[in-house]
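What follows is one structure encoded as structure tokens, with my remarks underneath.
The values are calculated or read from the model by the stated rules, or taken from the named source; none is laboratory data. The structure displayed is predicted, hence computed values, not measured ones. Neighbour counts run over all protein chains shown; Cβ positions are idealised from the backbone, glycine included.
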């Protein structure tokens, strides 16, 4: 609690918050003399932001969910029971496996799956997988399986979980298998490496361009500002998807996947830098006239010192909030382009590439679990939005504590 | 006011020229052209194509000329209403695009209506009843709506349609009207099919607009002029509509222009999933087969229509907001 | 100068308006009692956050959640057609009911601190005035327009007819406040509540607006509750002055008496921080410290941490109650009670220099 924030009748807080933004709250109050010093303590803006953010339950939960997701993606080959390209040809479109902890005889057991066998449905004449109640296979942890090289560094062959004799009794597919008999859960983790990083890389690029052009625009104004503003208006007036589609289609098909990945990232950044540049410019313009900047100016501060010491710190939190909120758009963009076949393509795995298999509505109707990657897209985007919103509320220096 | 309109219209022209160059360049970017793709396809099918034939093809499509000449030819004809020939369909682009473009525009228009018809009342309600269960419900639905990409929503609706209603949610017409000439019955049939894509495309826009409407209304509710109005002894309901809501509507209406590119984008994607006879699938096929004139024309037309839509909304806004009309807030 | 009880237009008794926040209950107005005589001017003075504005909004029944008026009486005496006056407790009326709405804006009206922000940015000022007239008077729209023009002329707005069509952003701050006054007075209210009406204006404009309000007050014979943080502003306008601190009235009495002989240490400090009438601020003479935050539960007198005359062991333990002094003065200070008898050298010194 700080004595200076006075939510009941907030008049007169203007002078306080200006000083507060620049971190000079204690100076200000020292000058005025403080009451009840013992119970009044002062926090830096960043500490205040952290406290406010922690109070936003949705944002905190989202933060943890996202952290878990990024962690799993980092250790994807370890957590996934099989390699991303491992095909169980006898088990195409295997539905998600039921994990049991109670045997047929009603006894409690360690988690196990029943073996699957293929039966022809007499009514529809389709071949369905059914559980073979006579054969149990316990889920084992830290099992040996497909070899992999973690982060391209260490040769390893153990996986977090698995079942023995998978070729015969059916692989352990938590979220089912795809048309080639590959593990959807494992592929979601591998695909997340692309889908989750494309947003971060893309936002970094946008942030760089946005800060540069937005800063130039706000700092120099005049012709430069006018030109940059027209450019932004121009880019924003073109419908995104056709533009993205056009640009993505322009990427040569014979490029290696890593280059396509970068190309797609740059295409996605091509639009999102504009909104970041607008924020930066707006902040520059409004801060230029703030009292604390004028004060520093009249005290003889040099321009670059002013920018780095006063301007950048005071708008960086806003820019980071907007950057956070730009990540979901990029993730959706990548998913959409790959879904259309204009972005990344197999054998690269991304959530969009996986969803490409779900283009045929008939496939979804029969094997609805192929939509699982969509679930991950939605959850990720939702979490990022909550975090962004939480950060924005927390960064608002006028908010009550 | 007339000056303002004139100025805005004049500003539009360089932008349109720029867009035409950009669209044409984008399509020119990938190595090879339609003929290379075509020949490669023929070769894959086991047919031999001689050099002379390739040259003849290139000449037929005008592809042997330098890019800027191709552009100038295309754009001069374009302005006169001739958008060139689609290589893939071997038909004039105008005829291919015509009806699909109209359907895209109709769909975008209805989507815009849907977005505002849903978002404005919900946003006002959420603001006036801040932190009520209804407010929380709408906020939550809004978040989900924002987080779900259009095309996924389309897939999910298709799945629900097939799984639970045994109905194909795709298409814009029933089979009997598919090739029928336009009639009242066909329009009615189209409207019956159109609501689903409209809802799908409009969801994220609606969710976003609800949030903006709620935030601005909340902002305006705390302004001194609301207190003045209340101090006059006005009823709370009409007072809210007449003062804070009226003011909060301005930024909402001013972003109509910004909604359009998103909606057009959405219709393109959703049309692909739902297999609608709009511009989406056509553009996709044109891009995939490097169908130069068709793809460039479509990007140009979609962008131009978006720009014109933005212009109209800006003019409407200047008309309703005196602060803009008197040039005090500059052009956005 | 004392106000006779039967002569009073508005009597506020033991008013309590609290704000229920997550952090606790903020007692913005904490048992406040005062009255305003018919046709008289009451100046309410205090620092930011002392509860002046909330008191005004409590009278108007315009306190917004999380604020609630939890206790007290606001007796307002209305005159009916026969000239008979009846007293009605505004707190007993439904805040949004028809009767309260007819009083609000019709019989009691209010003007605010930021004149331009107080006018709608998207409605013409003329329409905003006529709206008020049409709400409270049985006239046609064209008659209302004539009344509005007449009101604009009365507040000395040049070219009143043209100004009817103006928007707030086209007028200066002073002009906007004149429009606000015209709007507030358009239905000849019995009481005008002015909440820091000149704080946002520059000094010259402030003087003009004050002069205008004084003139209109005499002309229309209405009472004014003038809220300000600036004692100088009320000096030659108010008949009575109430000094508020942290939701309580700490001193109340005839304006002349208070300026001549302030009793409460807070009033004394306020007057000392007011060097000359034509200067708005003086950083050299300030009151020690700031207003404590409203959630704090200070023991004893709320002013004691900042008080120059605080008596240790007394002021930080006993909550002072209003004490009636001679000439109808009321003061909430322990210096004027038996607690001060042993150890009050400051008080002796204070009265000697008068």
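Scanning segment C:122-148 for residues that are within 9 Å of another protein chain (Cβ to nearest Cβ) and either touching a strand residue (DSSP E or B) at 6+ places or on another chain (Cβ under 7 Å) or farther than 17 Å from residue B:231 by Cα (or both) yields C:122, C:124. Applying the criterion of being in a loop (DSSP other than H, G, I, E, B) and surrounded by fewer than 18 Cβ atoms within 10 Å (Cβ to Cβ) to the residues of segment C:94-121, the residue that is nearest to the chain's Cα centre (by Cα) is C:95. Residue B:263 - would you say it is over 22 Å from residue B:21 (Cα atoms), more than 7 Å from every other protein chain (Cβ to nearest Cβ) and part of a helix (DSSP H, G or I)? The answer is yes for residue B:263. Screening residue C:253 with (1) farther than 21 Å from residue C:38 by Cβ; (2) touching a residue at least 24 places away in the same chain (Cβ under 8 Å) gives one miss only, at (1). Between residues in segment A:85-111 that are on the phi > 0 side of the Ramachandran plot and residues that are assigned to a loop (DSSP other than H, G, I, E, B), which pairs lie under 9 Å by C-beta distance while being six or more apart or on different chains? Pairs found: A:93/A:176; A:93/A:178; A:93/A:179; A:93/A:181; A:93/A:367.
Regarding segment B:188-199, can at least one residue be identified that is more than 14 Å from chain A (Cβ to nearest Cβ) and part of a loop (DSSP other than H, G, I, E, B)? Write out each step before concluding.
To start, the set of residues in segment B:188-199 that are more than 14 Å from chain A (Cβ to nearest Cβ) comprises B:188-195, B:197-199.
So of that shortlist, the ones also part of a loop (DSSP other than H, G, I, E, B) come out as none.
No, every residue in segment B:188-199 fails to be more than 14 Å from chain A (Cβ to nearest Cβ) and part of a loop (DSSP other than H, G, I, E, B).
Taking segment A:212-304 and the helices (runs of 4 or more DSSP H) fully enclosed by it, the elements with 2 or more residues that are within 14 Å of another protein chain (Cβ to nearest Cβ) and modelled with pLDDT of 75 or more are at A:222-237, A:240-250, A:257-288.
Would you mind finding the one in C:152, C:201 that is in a helix (DSSP H, G or I), buried (at least 20 other Cβ atoms within 10 Å of the Cβ) and more than 10 Å from chain B (Cβ to nearest Cβ)?
Working: C:201 fails: in a helix (DSSP H, G or I).
Result of the check over C:152, C:201: C:152.
For segment C:67-114, residues that are in contact with a strand residue (DSSP E or B) (Cβ under 9 Å, 6 or more places away or on another chain), without any contact (Cβ under 8 Å) to a residue 24 or more places away in the chain and within 12 Å of chain B (Cβ to nearest Cβ) total 1.
A quick yes/no check of all residues on (1) surrounded by fewer than 16 Cβ atoms within 10 Å (Cβ to Cβ); (2) not in a helix (DSSP H, G or I):
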position	(1), (2)
B:24	no, no
B:49	yes, yes
B:55	yes, no
B:60	yes, no
B:113	yes, no
B:117	yes, no
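Among C:118, C:142, which is the only one that is touching a helix residue (DSSP H, G or I) at 6+ places or on another chain (Cβ under 7 Å) and more than 19 Å from residue C:219 (Cα to Cα)?
On the way: C:142 fails: touching a helix residue (DSSP H, G or I) at 6+ places or on another chain (Cβ under 7 Å).
Answer to the selection: C:118.
Are there any helices (runs of 4 or more DSSP H) wholly within segment A:320-401 with 2 or more residues that are more than 9 Å from every other protein chain (Cβ to nearest Cβ) and in contact with a helix residue (DSSP H, G or I) (Cβ under 6 Å, 6 or more places away or on another chain), and if so which?
Working: elements: A:351-356, A:361-366, A:372-395.
In segment A:320-401, A:351-356, A:372-395 are the helices (runs of 4 or more DSSP H) which contain 2 or more residues that are more than 9 Å from every other protein chain (Cβ to nearest Cβ) and in contact with a helix residue (DSSP H, G or I) (Cβ under 6 Å, 6 or more places away or on another chain).
For segment C:1-27, the tally of residues that are closer than 19 Å to residue C:244 by Cβ and at pLDDT 85 or above stands at 10. Residues in segment C:40-57 that are in contact with a helix residue (DSSP H, G or I) (Cβ under 8 Å, 6 or more places away or on another chain) and more than 12 Å from chain A (Cβ to nearest Cβ): C:41, C:43, C:44, C:45.
Would you say residue B:202 is more than 9 Å from every other protein chain (Cβ to nearest Cβ) and outside any helix (DSSP H, G or I)? Against the criterion (more than 9 Å from every other protein chain (Cβ to nearest Cβ) and outside any helix (DSSP H, G or I)), residue B:202 does not qualify. Restricting segment C:159-174 to residues that are assigned to a helix (DSSP H, G or I) and touching a residue at least 24 places away in the same chain (Cβ under 8 Å) leaves a set whose member that is farthest from the other protein chains (Cβ to nearest Cβ) is C:174.
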